[in-house]
Amino acid sequence: MERISHWIDGRVVAGNSGRSGVVFDPATGEQQASVDFASIEEVDQAIAVAKAAFPAWRSTNLSRRAEVMFHMRELVDANRKEIASLISKEHGKVLGDALGEVARGLENIEYATGIPNLLKGGYSEQASSGVDVYSIKQPLGVVAGITPFNFPGMVPMWMFANALACGNTFILKPSEKDPSASMFIAELLKQAGLPDGTFNVVHGDKVAVDRLLDHPDIQAISFVGSTPIAKYIYETGTKNGKRVQALGGAKNHMLVLADADLDMAADAVVSAAYGSAGERCMAISVVLASEAIADDLVGKIEDRIPAIKVGPASEEGNEMGPLITGEHRDKVRSYVEGAVAEGATLVVDGTQDVPAGGFFLKPSLIDHATPGMRCYDDEIFGPVLTVTRIKGYDDGLALINANQFGNGTAIFTRDGGAARQFQFDVQVGMVGINVPIPVPVSYYSFGGWKASLFGDTHMYGPEGINFYTRSKVVTSRWPDPRTSKVDLGFPQNR
Ligand code: NAD
């Protein structure tokens, strides 16, 4: 049985806590590996190594830091398939989807290659007579990233690329359900020329996470995962004086107005709801269908579902793999099974005739879902799409804005005025106009509103650079010694 251990100080370090987790093959339901769970002492060891590596890495000049990121860009590009296969093997998503994940993660490494430009400060000459004022951005020190199971390659790349390029050293605590991609990434960073100790991986559960939250040498924490844990990380980390950005769960609504191209809308929603078996924080899980077109739209979605090929990622041609664990599959199934009793209509039941073995479900479609029903209110995080019928724009907007989450949303319409009004009104962090999964490119920033984000900064892009740096403002005078005199008045611009 394969054993996955920690990565500390540029090498694999076997865990000695005596505790470990099971890594399943979700396509068969069998265990395929075990992963060491770090003890408090092991987390402390990784933090000590990262702290010791910080002074040299922060002093490394910007050209060299950019060069390491350029090397890493080339290595990830050359190893796309290898990384995607590791993701696919442990997560279960099909290879094409995993390759897409790697491509979107790689964008963040490409962005970080521009670090000499990104860290430029401001400069004001002659702010006062003979006085210049300028700002500089400095790294924080040792920072940590805690990541979810659903993007084991991309989400770590959202974090470490900018964190390292800014001059920080990094501890990654990846999801214990699919830990291998992070180990491969650690090896690539070493090959790229990153000094040992600058990037470390500790595997584990709450014990490791709580130590990162408590340890005085961790300056900042980036978290992506479910809302209850995001809230816990934010509250505990900030109480301990750390900078925290904690991205949580989602319930993304797609508003389809009566004038939309219904075939386009149906294609988009089927792709966005069932891709990656719905285990995406930007998946569309609710369609708000205007009454006038709702029957047509539901019919078009229903027509497309039987064509979706569900099966193991290892079999070419499959489009949707299994869910991550048996426990999660059962939870998702319970929403489908309970929908009719809640008063909704089950149009397509994806709990039947599923592929044998593994944690499979097929796509489900639930119509007439309304607020107050579990299937509408909760984040299901599986291949289940609900439809809520609305009178029109105002009705749909009110539902989106009343929702506890505010991660992503989309409007499908041919009316530019309505789309612009939607962008103005909607209380959601990432908005698509005829785009179902509006994940921002790496030179913008990613993040939701409301219960989808705890903290003030979104992840990656310009906000990522701000998160991983502290600014300092220097007021400087090189006076002419001939003009020097004592002056007890308050400094003014004169
Ligand atoms: P999760 O919250 O269960 O786990 C995330 C991380 O937290 C993992 O590393 C895990 O080991 C750790 N963790 C779990 N329980 C903990 C506890 N009690 N104390 C301390 N640490 C704990 O999330 P998940 O199931 O891995 O991922 C799915 C969730 O992540 C969904 O809710 C999804 O919407 C969300 N997500 C959000 C975004 C976003 O950008 N907003 C992106 C991807 C996933």
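Going by how many other Cβ atoms sit within 10 Å of their own, how do 169, 227, 28 line up, fewest first?
28, 227, 169
Can you work out the Karplus-derived ³J(HN,Hα) for every residue in region 143-150? Use 6.51 cos²θ - 1.76 cosθ + 1.60 with θ = phi - 60°, whole Hz, and x for glycine or proline.
10, 10, x, 10, 10, x, 6, 7
Once amide H atoms are placed 1.01 Å from N in the peptide plane, what residues at a sequence separation of 5 or more from residue 290, or on another chain, have their amide H within under 5 Å of its amide H?
The list, which skips near neighbours in sequence, is 256, 390.
Residues with amide H under 5 Å of residue 452's amide H, sequence separation 5 or more or different chain, H placed in the peptide plane at 1.01 Å from N; which?
Residues meeting the amide H criterion: 406.
How many percent of DSSP beta bridges within the chain run antiparallel, rounded to 5?
40 percent
Normalised radius of gyration for region 252-433, please: alpha carbon Rg relative to 2.2 N^0.38 Å, two decimal places.
Relative to the 2.2 N^0.38 Å estimate, region 252-433 comes out at 0.99.
If one takes the longest principal axis of the Cα atoms in the chain, at what angle in degrees, from 0 to 90 and to the nearest 10, does the Cα axis of helix 393-402 lie?
Approximately 60 degrees, to the nearest 10.
Can you bin every Cα-Cα distance in the chain into 10 Å intervals starting at zero and give me the percent of pairs per bin, rounded to whole numbers?
That works out to 4, 19, 27, 24, 15, 7, 3, 1, 0, 0, in percent per bin.
Subtracting the Cα-Cα distance from 0.36 nm times the residue separation, let me have the gained length for residue 295 to residue 40 in nm, one decimal.
The span from residue 295 to residue 40 would gain 86.2 nm if fully extended.
Counting other Cβ atoms within 10 Å, keep those with at most 14, restrict to DSSP loop, and tell me which chymotrypsin sites (Phe, Trp or Tyr not before Pro) in region 269-359 are left.
none
Stretched out fully, how many nm does the piece from residue 431 to residue 302 gain, at 0.36 nm a residue minus the Cα gap?
43.9 nm
Over 24 Å between Cα atoms: which of 177/231; 300/391; 206/231; 177/239; 177/331 fall into that group?
Cα-Cα > 24 Å for 177/239; rest within.
When the chain is fully extended, how far beyond the present Cα-Cα distance does residue 12 get from residue 238, taking 0.36 nm per residue of separation?
The span from residue 12 to residue 238 would gain 78.2 nm if fully extended.
Please sort by residue number the GluC sites (Glu not before Pro) in region 97-156 whose DSSP state is loop and whose Cβ has at most 13 other Cβ atoms within 10 Å.
Within region 97-156, no GluC sites (Glu not before Pro) qualify (loop, at most 13 other Cβ atoms within 10 Å).
Say a paramagnetic label sat at a point 7 Å from the Cα of residue 404, along Cα to Cβ; which residues of region 225-240 have their backbone N under 12 Å from it?
227-229, 231, by backbone N distance to the label point.
Place a +1 charge on the Cβ of each Lys and Arg in region 252-433 and a -1 charge on the Cβ of each Asp and Glu, then give the dipole magnitude about the Cα centre in debye, rounded to the nearest 20.
Magnitude of the dipole: close to 300 debye.
Can you tell me the orientation of helix 180-191 relative to the chain, as the angle in degrees between its alpha-carbon axis and the longest Cα principal axis, to the nearest 10?
Roughly 30 degrees, rounded to the nearest 10.
Using DSSP to call loops (not H, G, I, E or B), can you name the GluC sites (Glu not before Pro) in region 310-343 whose Cβ has at most 14 other Cβ atoms within 10 angstrom?
Hits after loop and neighbour filter: 315, 316.
Hull surface divided by four, with the convex hull built on the Cα atoms of region 218-306: how many nm²?
For region 218-306, the mean projected area of the Cα convex hull comes to 7.4 nm².
Can you list the residues, at least 5 places off or on another chain, whose amide H is less than 5 Å from the amide H of residue 20, using H built in the peptide plane?
For residue 20, the qualifying residues are 37.
What list of ³J(HN,Hα) couplings, whole Hz, do you get for region 329-342 from phi and the Karplus terms 6.51, -1.76, 1.60, once you set θ to phi - 60° and write x for glycine and proline?
4, 5, 5, 4, 4, 5, 5, 5, 5, x, 4, 5, 4, 7
Round to the nearest 0.05 the FRET efficiency obtained for residue 444 and residue 486 when R0 = 51 Å and r is the Cβ-Cβ distance.
Approximately 0.50, to the nearest 0.05.
Just to verify a number: FRET efficiency for residue 196 and residue 129, C-beta to C-beta distance, R0 = 56 Å, to 0.05?
Computed FRET efficiency for residue 196 and residue 129 comes out at 0.65.
Working from Cα positions, state the angle (0 to 90°, nearest 10) between the long axis of helix 262-274 and the longest principal axis of the chain.
Its long axis makes an angle of about 70 degrees.
Under a Cβ-only charge scheme (Lys and Arg +1, Asp and Glu -1), can you give me the dipole magnitude of the chain about the Cα centre, in debye to the nearest 20?
Around 2140 debye, computed over the chain.
Take every DSSP beta bridge with both residues inside region 252-433 and express the antiparallel ones as a percent of the total, to the nearest 5.
Of the beta bridges lying entirely in region 252-433, close to 10 percent run antiparallel.
Return, ordered by residue number, the residues of region 366-397 whose backbone nitrogen is under 18 Å from a label point located 7 Å along Cα→Cβ of residue 415.
Only 389-397 pass the distance filter.
Taking 7 Å along the Cα-to-C-beta vector as the label spot, tell me the residue 77-residue 370 distance in nanometres, rounded to one decimal.
The modelled label-to-label distance comes out at 5.5 nm.
A short reminder: the numbers here are calculations on the coordinates, not readings from a lab. None of these values were measured; they are calculated from a predicted model. All Cβ positions, glycine included, derive from the backbone under ideal geometry; neighbour counts span all protein chains shown.
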